[in-house]
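*Asks:* Have a look at this one before I ask anything.
Throughout, read-outs are computed from the coordinates displayed, never taken from laboratory work. None of these values were measured; they are calculated from a predicted model. Note: ideal-geometry Cβ built from the backbone for every residue, glycine included; neighbour counts use all protein chains shown.
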Amino acid sequence: MSKLKVGDKVSALDEDITGVVSKVEGSLISVETMDGFPMQFEARELIKLGGKQDFDRQLFNENLHDVISEKESYKPKKSVRIKPKERFEAAMEVDLHIHQLVKSTKYMANHEMLNIQLDTAKHKLEYAIKNRIQKVVFIHGVGEGVLRMELEYLFNRYDNLKFYDANYQKYGLGATEVYIFQNQK
């Protein structure tokens, strides 16, 4: 960027202000706007105006290298394509309702029941990863949402999966579907 001096016509970069430089004190530039108002700017906030071609050329040259280097350094993320038939494959279902996991909850505390449900979920998830099952639906019910939050915490510890609400028409609000990314060979 060229040095600004008194008498140069300038424009502010972030505002719609054009004027003439009236005073230069280091990097602090005083500008009298076209409406006659005095304003102060940092030198980096102003651009010197010449003819229209000078203005366009200056903007073009300053931004061209940034744009080129940004485009050259851009590498798109490798997307995982899911084949149409795989999208609709039947998923493994895991019902985490406590009455499905134990015979009786008569003398169990809430945290014991929650630990049994989480252990079951972890074992089933590890089983699915080991056996290359790509979709698992965990049926947790609605309730107060404690089990759902704990499941999300568990799923966030794995790098190779994503999870989302399962099909509402089939499961309602009480299920989470997990998609496991496998290294296809």
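*Asks:* Would you mind giving the average projected area, over all directions, of the Cα convex hull of segment 84-180 in nm² with one decimal?
*Replies:* The orientation-averaged projected area of the Cα hull of segment 84-180 comes to 6.6 nm².
*Asks:* Moving to a separate point now. How would segment 139-185 be classified by its alpha-carbon gyration tensor: rounded, prolate or oblate, with rounded meaning a/c under 1.5 and the a/b versus b/c comparison settling the rest?
*Replies:* Oblate, since a/c reaches 1.5 and b/c is not below a/b.
*Asks:* Separation between the Leu114 and Glu150 pseudo-spin-labels, each 7 Å from Cα along Cα→Cβ, expressed in nm?
*Replies:* So the label points at Leu114 and Glu150 sit 0.6 nm apart.
*Asks:* Filter Lys103/Lys124; Lys106/Lys135; Lys130/Lys162; Lys106/Lys162 down to the pairs with a C-alpha to C-alpha distance above 28 Å, please.
*Replies:* Correct reply: Lys106/Lys135; Lys106/Lys162.
*Asks:* Using 1/(1 + (r/R0)^6) with R0 = 25 angstrom and r between the beta carbons of Asp159 and His99, what's the FRET efficiency to the nearest 0.05?
*Replies:* 0.15
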